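*Asks:* Shown below is the structure under consideration.
The values are calculated or read from the model by the stated rules, or taken from the named source; none is laboratory data. The shown structure was predicted, so the numbers you read here are calculated from the model rather than taken from an experiment. Here the Cβ positions follow ideal geometry from the backbone for every residue, glycine too, while neighbour counts run over all protein chains shown. The protein model used for the area step is the full one, side chains on, heavy atoms only, and it has no ligands, DNA or RNA in it. Shrake-Rupley method; radii C 1.70, N 1.55, O 1.52, S 1.80 Å.
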Amino acid sequence: MTERKGPILFRPYTAFSGMRKAFEMGNAKVLATVKDAGLRGRGGAGFPTAMKWKFALDDISKDHQDYSKDRFIICNADEGEPGTFKDRVLLEEQLGLLLEGMLIAGYTIRASTGIIFLRGEYNYMWDQIKGTILRWRAEGMLGENLDGKGFDFDIHIRMGAGAYVCGEETALIESMEGYRGEPRNRPPFPVNAGFNKRPTVVNNVETLCQLPHILNEGADWFKKIGTEESTGSKLLSISGDCSKPGVYEVPFGVTIQAVLELAGAVGIKAVQVGGASGICLSAHEFDRTICFEDVPTGGSIIIFNTTRNMREVLVNFLGFFMEESCGQCTPCRYGTECLLDGILQLSRGECSDEYLSELLDLSDSMAIASKCGLGQSVANPFRSIIERFRGEIYHG
Amino acid sequence: MRDQRTREMLDQDIRRWVDKYSRERSALIAILHNVHRKYSQVSAHAMEEIADYLGIHPVEVYGVATFYSFYNAEPKGKKIIRLCRTISCDMQGKRDLVYALEHRFGIRFGETTRDGKWTLEYTSCMGWCDQGPALFVNSKPYTSVTTERLDAILAE
């Protein structure tokens, strides 16, 4: 395998230097630096990381201000979005960076327990991750009094069991507590009442991996990479019709066209950005940019050349949502089924053009009425694919 | 006789895992994970045993076990082949694999061979989209799978 290169995550790094820097700075300054850097969650939603931490740190409950009781930092390693595999690469190749990032996050919000929620599909990595944690414990990098001022921190692993919806943070917590992975109503948010009702911060693998670099190089260095509202870099998981699929680190603000060139893709008619829950772009939009201001993504990029049928793509995504809907709320459970059934009827010529308009309305209703991000995002691929490739939906 | 012995072994195992992970509700997934890995199934009897230790109704365990796609309450094949259903794998020649697997075992996807050795299933994105098509044999992932490589993979 060729050596990966990238502006932040795949640049050279001296192990434990970010962690030592954090201990020198103290947690207030770490929080200020991450805020200044403008770091946003890499799972796709882009929530400001420092704000999430501050909510947990400032939790108003009197009981929660007792820092001797535990609070939690959870690493969301439940990447299940179709077309995403960047967390797999980070876990395999940059595990040290992740553990250090968790430690820094834990130090900042005064949590003493970190938990990696590892998707069931990545069970094969268990031994490697566990082995590294045990080694860190033996070397005194995890355990008691790590900063010489009484900061204790340890990391555990919890397995997922094959449920896409558990990538949603409240469903993830339900699963960790031994329940069905059904999203919770909010408030309360996990930062106030998360795992075991304690203040809990859930961060993406990639977000956590950025932290040691930010502390080492400073917020100004980080802000120079990316765009104004999307600072830093993004890992893209590129698959589909291209000669060089794989994980690439790019600065935010990169155009779709540049991404296609990076992956060696030619003769492309469509790119699905953000996986099944993302949006589809066609050739005349390839000058659009990947960032929270324009086209946000958790990193999934699936490329389709001119030989591909976009109805098959849409049917594949809808089948995925139907399988993975947790079934808790009606718009999502029944809506996904109606959309899939409708598209299949259309392609068999069994219903009218007007029905397609009704299906589009239904997808909009799902976006409004569904309880969590899963049902809310079904309209993204549905509307964007139909608007761009209506002809193929009728007679692919 | 054999059923009796299996059941005794299962009971002992569950007891051991409960001791290892605790009797808290939050231990449930870890216990189910171990039961499924060893027995390829979470039977009604296993659910009752686990519920008993955790002090919850067996239907609570049933609700959780049936929610997650990695666990099954009904008996399935000793080896479960789960092929990634995502479009990226489709585009890398998955259809040939589907035909080859169905012909090889004489069953369709979703079914188990009569001798109880093999089950064919689909699974959601496995995270190997750059090296598709991908499939699991039980929990072990295989990538860039071709019909030519199937023999070697299935013989493992």
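*Asks:* Considering A:Glu79, A:Glu92, which residue is surrounded by 24 or more Cβ atoms within 10 Å (Cβ to Cβ) and of a type in the set (D, E, K, R)?
*Replies:* When all the criteria are applied, what remains is A:Glu79.
*Asks:* Return the residues of segment B:42-70 that are in a helix (DSSP H, G or I), open to solvent by less than 60 Å² (accessible area, probe 1.4 Å) and aromatic (Phe, Trp, Tyr); say none if nothing qualifies. Full working, then the answer.
*Replies:* Just the residues of segment B:42-70 that are in a helix (DSSP H, G or I), to begin with: B:44-54, B:58-67.
Those left that are additionally open to solvent by less than 60 Å² (accessible area, probe 1.4 Å): B:45-47, B:49-51, B:53-54, B:58, B:61, B:63-65, B:67.
If the condition is that a residue be in a helix (DSSP H, G or I), open to solvent by less than 60 Å² (accessible area, probe 1.4 Å) and aromatic (Phe, Trp, Tyr), then B:Tyr53, B:Phe67 are the ones that fit.
Results for (1) open to solvent by less than 40 Å² (accessible area, probe 1.4 Å); (2) modelled with pLDDT of 95 or more; (3) among the aliphatic types (A, V, I, L, M); (4) not assigned by TED's automatic domain parsing to the domain that holds A:Ile301, shown as yes or no for each residue.
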| residue | (1), (2), (3), (4) |
| --- | --- |
| A:Lys5 | no, no, no, yes |
| A:Leu9 | yes, yes, yes, yes |
| A:Thr33 | yes, yes, no, yes |
| A:Tyr67 | no, no, no, yes |
| A:Arg71 | yes, no, no, yes |
| A:Gly101 | yes, yes, no, yes |
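*Asks:* Among the residues of segment A:155-162, is there at least one that is open to solvent by less than 10 Å² (accessible area, probe 1.4 Å), modelled with pLDDT of 95 or more and part of a helix (DSSP H, G or I)?
*Replies:* no
*Asks:* Give the residues of segment B:112-137 that are within 22 Å of B:Arg37 (Cβ to Cβ) and more than 10 Å from chain A (Cβ to nearest Cβ), sorted by residue number.
*Replies:* Taking segment B:112-137 first, the residues within 22 Å of B:Arg37 (Cβ to Cβ) are B:112-113, B:115-128, B:134-137.
Of everything in segment B:112-137, those that are within 22 Å of B:Arg37 (Cβ to Cβ) and more than 10 Å from chain A (Cβ to nearest Cβ) turn out to be B:Thr112, B:Thr113, B:Asp115, B:Gly116, B:Lys117, B:Trp118, B:Thr119, B:Leu120, B:Glu121, B:Leu135, B:Val137.
*Asks:* Taking into account only those residues within segment A:306-358 that are under 20 Å from B:Thr86 (Cβ atoms) and over 26 Å from the mean Cα position of the chain (by Cα), which is least open to solvent (accessible area, probe 1.4 Å)? Don't jump to the end; show me each part of the working.
*Replies:* Within segment A:306-358, the first condition is being under 20 Å from B:Thr86 (Cβ atoms), and the residues that meet it are A:307-326, A:332, A:336-337, A:339-340, A:343-344.
Next cut, over 26 Å from the mean Cα position of the chain (by Cα) only: A:307-309, A:311, A:343-344.
Working: A:Thr307: 111, A:Arg308: 65, A:Asn309: 26, A:Arg311: 50, A:Ile343: 0, A:Leu344: 65 Å².
If we take residues in segment A:306-358 being under 20 Å from B:Thr86 (Cβ atoms) and over 26 Å from the mean Cα position of the chain (by Cα), then A:Ile343 is least open to solvent (accessible area, probe 1.4 Å).
*Asks:* Which residue, of A:Thr108, A:Thr170, is in a helix (DSSP H, G or I), in contact with a Cys (Cβ under 8 Å, 6 or more places away or on another chain) and away from chain B (no Cβ under 14 Å)?
*Replies:* Only one candidate passes the filter, namely A:Thr170.
*Asks:* Another question about this same structure. Mind checking which residues of segment B:80-96 are away from chain A (no Cβ under 14 Å) and either in a loop (DSSP other than H, G, I, E, B) or buried (at least 22 other Cβ atoms within 10 Å of the Cβ) (or both)? Don't jump to the end; show me each part of the working.
*Replies:* Filtering segment B:80-96 for residues away from chain A (no Cβ under 14 Å) gives B:81, B:96.
Once the filter is applied, which keeps residues that are away from chain A (no Cβ under 14 Å) and either in a loop (DSSP other than H, G, I, E, B) or buried (at least 22 other Cβ atoms within 10 Å of the Cβ) (or both), segment B:80-96 yields only B:Ile81.
*Asks:* Return yes when A:Val254 is over 25 Å from A:Glu169 (Cβ atoms) and in contact (Cβ under 8 Å) with a residue 24 or more places away in the chain and no when it is not. Give the steps one after another, and end with the answer.
*Replies:* Numbers: over 25 Å from A:Glu169 (Cβ atoms): yes; in contact (Cβ under 8 Å) with a residue 24 or more places away in the chain: yes.
For A:Val254, the condition - over 25 Å from A:Glu169 (Cβ atoms) and in contact (Cβ under 8 Å) with a residue 24 or more places away in the chain - is met.
*Asks:* Sticking with this one: For segment A:181-220: of the residues being in a helix (DSSP H, G or I) and either outside the structural domain of A:Leu118 (by TED's automatic domain parsing) or open to solvent by 50 Å² or more (accessible area, probe 1.4 Å) (or both), which is nearest to B:Glu24 (Cα to Cα)?
*Replies:* A:Asn196
Rundown of residues vs (1) more than 30 Å from B:Ile14 (Cβ to Cβ); (2) among the aromatic types (Phe, Trp, Tyr); (3) assigned by TED's automatic domain parsing to the domain that holds B:Gln131, yes/no style:
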position	(1), (2), (3)
B:Tyr62	no, yes, no
B:Arg85	yes, no, yes
B:Asp90	yes, no, yes
B:Arg108	yes, no, yes
B:Glu111	no, no, yes
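*Asks:* For the subset of segment A:268-289 comprising residues that are aliphatic (A, V, I, L, M) and part of a helix (DSSP H, G or I), which member is most open to solvent (accessible area, probe 1.4 Å)? Write out each step before concluding.
*Replies:* Here is the first cut: in segment A:268-289, the residues aliphatic (A, V, I, L, M) are A:268, A:270-271, A:273, A:276, A:279, A:281, A:283.
With part of a helix (DSSP H, G or I) added as a condition, the list becomes A:276, A:283.
Values: A:Ala276: 0, A:Ala283: 56 Å².
Ranking the qualifying residues of segment A:268-289, first place goes to A:Ala283.
Residue by residue, here is whether (1) in contact with a Pro (Cβ under 6 Å, 6 or more places away or on another chain); (2) under 23 Å from A:Asp78 (Cα atoms); (3) small (Gly, Ala, Ser) holds:
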| position | (1), (2), (3) |
| --- | --- |
| A:Glu121 | no, yes, no |
| A:Gly150 | no, no, yes |
| A:Met159 | no, yes, no |
| A:Gly167 | no, yes, yes |
| A:Met176 | no, yes, no |
| A:Phe189 | no, yes, no |
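*Asks:* Looking at segment A:227-241 only, could you name the residues that are open to solvent by less than 30 Å² (accessible area, probe 1.4 Å) and of a type outside the set (Lys, Arg)?
*Replies:* Our first condition is that a residue be open to solvent by less than 30 Å² (accessible area, probe 1.4 Å); within segment A:227-241, this holds for A:230-241.
A:Ser230, A:Thr231, A:Gly232, A:Ser233, A:Leu235, A:Leu236, A:Ser237, A:Ile238, A:Ser239, A:Gly240, A:Asp241 - these are the residues of segment A:227-241 that are open to solvent by less than 30 Å² (accessible area, probe 1.4 Å) and of a type outside the set (Lys, Arg).
*Asks:* A further question follows. Checking the structure you have, find out if any residue of segment A:373-392 is among the small types (Gly, Ala, Ser), in contact with a Cys (Cβ under 8 Å, 6 or more places away or on another chain) and either surrounded by 18 or more Cβ atoms within 10 Å (Cβ to Cβ) or touching a residue at least 40 places away in the same chain (Cβ under 8 Å) (or both). Outline the logic, then answer.
*Replies:* Start the filter on segment A:373-392 by keeping residues that are among the small types (Gly, Ala, Ser), which leaves A:373, A:375, A:377, A:379, A:384, A:391.
Okay, now just the ones that are also in contact with a Cys (Cβ under 8 Å, 6 or more places away or on another chain), so A:375, A:384.
Right, trim to either surrounded by 18 or more Cβ atoms within 10 Å (Cβ to Cβ) or touching a residue at least 40 places away in the same chain (Cβ under 8 Å) (or both) and you get A:375, A:384.
Yes, segment A:373-392 contains a residue that is among the small types (Gly, Ala, Ser), in contact with a Cys (Cβ under 8 Å, 6 or more places away or on another chain) and either surrounded by 18 or more Cβ atoms within 10 Å (Cβ to Cβ) or touching a residue at least 40 places away in the same chain (Cβ under 8 Å) (or both).
*Asks:* Considering only residues that are touching a Leu at 6+ places or on another chain (Cβ under 9 Å) and buried (at least 19 other Cβ atoms within 10 Å of the Cβ), look in segment A:251-267 and name the one that is nearest to the other protein chains (Cβ to nearest Cβ).
*Replies:* Of segment A:251-267, the ones touching a Leu at 6+ places or on another chain (Cβ under 9 Å) are A:254, A:256, A:259, A:262-263, A:266.
Still in the running and buried (at least 19 other Cβ atoms within 10 Å of the Cβ): A:254, A:256, A:259, A:263.
Values: A:Val254: 18, A:Ile256: 17, A:Val259: 14, A:Ala263: 10 Å.
Of everything passing the filter in segment A:251-267, A:Ala263 is nearest to the other protein chains (Cβ to nearest Cβ).
*Asks:* Going through segment A:294-350 one residue at a time, which ones are of a type in the set (Phe, Trp, Tyr) and under 28 Å from A:Glu261 (Cα atoms)? Steps first, answer last, please.
*Replies:* Going residue by residue through segment A:294-350, those that are of a type in the set (Phe, Trp, Tyr) are A:304, A:317, A:320-321, A:334.
A:Phe304, A:Phe317, listed by residue number.
*Asks:* Pick out the one residue from A:Gly342, A:Gly319, A:Gly335, A:Gly298 that is in contact (Cβ under 8 Å) with a residue 12 or more places away in the chain, outside any helix (DSSP H, G or I) and outside the structural domain of A:Gly46 (by TED's automatic domain parsing). So that I can check it myself, show each step before the final result.
*Replies:* Working: A:Gly342 fails: outside any helix (DSSP H, G or I); A:Gly319 fails: outside any helix (DSSP H, G or I); A:Gly335 fails: outside any helix (DSSP H, G or I).
Exactly one residue qualifies, and that residue is A:Gly298.
*Asks:* Please find, within segment A:306-324, the residue that is farthest from the other protein chains (Cβ to nearest Cβ) out of those that are over 21 Å from A:Phe85 (Cα atoms) and not hydrophobic (A, V, I, L, M, F, W, C).
*Replies:* Of segment A:306-324, the ones over 21 Å from A:Phe85 (Cα atoms) are A:306-312, A:315, A:322.
Okay, now just the ones that are also not hydrophobic (A, V, I, L, M, F, W, C), so A:306-309, A:311-312.
Working: A:Thr306: 13, A:Thr307: 10, A:Arg308: 7, A:Asn309: 11, A:Arg311: 12, A:Glu312: 7 Å.
Among those residues, the one meeting the criterion is A:Thr306.
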